[in-house]
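Okay, so here's the structure we're looking at.
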Amino acid sequence: EHIYMKQQPRIRQTFQFLKSNNYRTIPCFIENPQYDKPVKGLWQQIMSARLRVTMALLKGGASLLISDVDNVFSRYVDLKGLLEEGYDVFHAYEMRYPVSIFKEFGFVVCSGFQFLRSSPRTIKFLELVLARCRGKKCDDQVTYNEVFFRDLDIEWHHPNNYNNEINKQDGKFRSFGPNHEGALRITSNNTENDGLLVE
């Protein structure tokens, strides 16, 4: 059950009501919401709060499928397949954001569609993410990518050894990494997940 509220002063009162009526509640209040700065203020406050709630749920034993509201689900897929895969973290590919990391590596991951298994490894990963998300606001997608590409010692293998290059004729960046057309679908050990469109 989801409850959405716009009136800031009533949020704490509603939280206490839900808690006293035995709803599962996680306190996550945005202090001094920066309505005057919708992207660099309020949006980053919301994304930082989402990371803190994610950590609380993972520590409570819940594995999570996190999806932004603009994702489209065209068919039912049983999520137990994600657990059976054995991986702790799944992320969809993002188109190009953050651009600086995309230009360097040829692909980036999306924070708007991810699966996180409740495990000690995932919690350690989220600790790294939260350490980069200093304070009460950050862009979670930038933060996830900074952890993947700057903090973790990962050797990325591009399909068919594609490389990124600058086109000598027009000077534009070309990516031949995972974002190319042939790599947009999942190939997994669970046949139910084969062929899923991820970006």
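The values are calculated or read from the model by the stated rules, or taken from the named source; none is laboratory data. The model shown is predicted, which means the values in this text are computed figures rather than measured ones. We place every Cβ from the backbone using ideal geometry, glycine too, and count neighbours over all the protein chains shown. Heavy atoms of the whole protein, side chains included, go into the accessibility calculation; ligands, DNA and RNA do not. Shrake-Rupley method; radii C 1.70, N 1.55, O 1.52, S 1.80 Å.
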**OP:** For segment 50-58, state whether one or more residues are in contact with a strand residue (DSSP E or B) (Cβ under 9 Å, 6 or more places away or on another chain) and more than 19 Å from Gly135 (Cα to Cα).
**Re:** yes
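Would you mind stating whether Arg75 is basic (Lys, Arg) and surrounded by 15 or more Cβ atoms within 10 Å (Cβ to Cβ)? Give the steps one after another, and end with the answer.
Numbers: basic (Lys, Arg): yes; surrounded by 15 or more Cβ atoms within 10 Å (Cβ to Cβ): no.
The answer is no for Arg75.
Condition check ((1) of a type in the set (A, V, I, L, M); (2) in a helix (DSSP H, G or I); (3) surrounded by 14 or more Cβ atoms within 10 Å (Cβ to Cβ)) across all residues:
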site: Thr14; (1), (2), (3): no, yes, no
site: Lys19; (1), (2), (3): no, yes, no
site: Asn22; (1), (2), (3): no, no, no
site: Pro27; (1), (2), (3): no, no, no
site: Gly41; (1), (2), (3): no, yes, yes
site: Gly61; (1), (2), (3): no, no, no
site: Leu82; (1), (2), (3): yes, yes, yes
site: Tyr97; (1), (2), (3): no, no, yes
site: Phe115; (1), (2), (3): no, no, yes
Original post:
Looking at segment 89-122, which of the residues that are at pLDDT 90 or above and among the basic types (Lys, Arg) is farthest from Leu64 (Cα to Cα)?
Top reply: Arg121
Subject >> Out of Val147, Val142, Val53, sole residue that is among the β-branched types (Val, Ile, Thr), within 22 Å of Thr25 (Cα to Cα) and under 15 Å from the mean Cα position of the chain (by Cα) >> reply: Val53
Subject >> Residue within segment 185-199 that is closer than 30 Å to Gly41 by Cβ, in a loop (DSSP other than H, G, I, E, B) and modelled with pLDDT under 55 present >> reply: yes
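Residues Ser48, Ser111: which one is in contact with a Cys (Cβ under 9 Å, 6 or more places away or on another chain) and either open to solvent by 90 Å² or more (accessible area, probe 1.4 Å) or of a type in the set (S, T, N, Q) (or both)? So that I can check it myself, show each step before the final result.
Numbers: Ser111 fails: in contact with a Cys (Cβ under 9 Å, 6 or more places away or on another chain).
The match here is Ser48.
State yes or no: is Glu31 of a type in the set (Asp, Glu), part of a helix (DSSP H, G or I) and at negative phi? Full working, then the answer.
Details: of a type in the set (Asp, Glu): yes; part of a helix (DSSP H, G or I): no; at negative phi: yes.
Against the criterion (of a type in the set (Asp, Glu), part of a helix (DSSP H, G or I) and at negative phi), Glu31 does not qualify.
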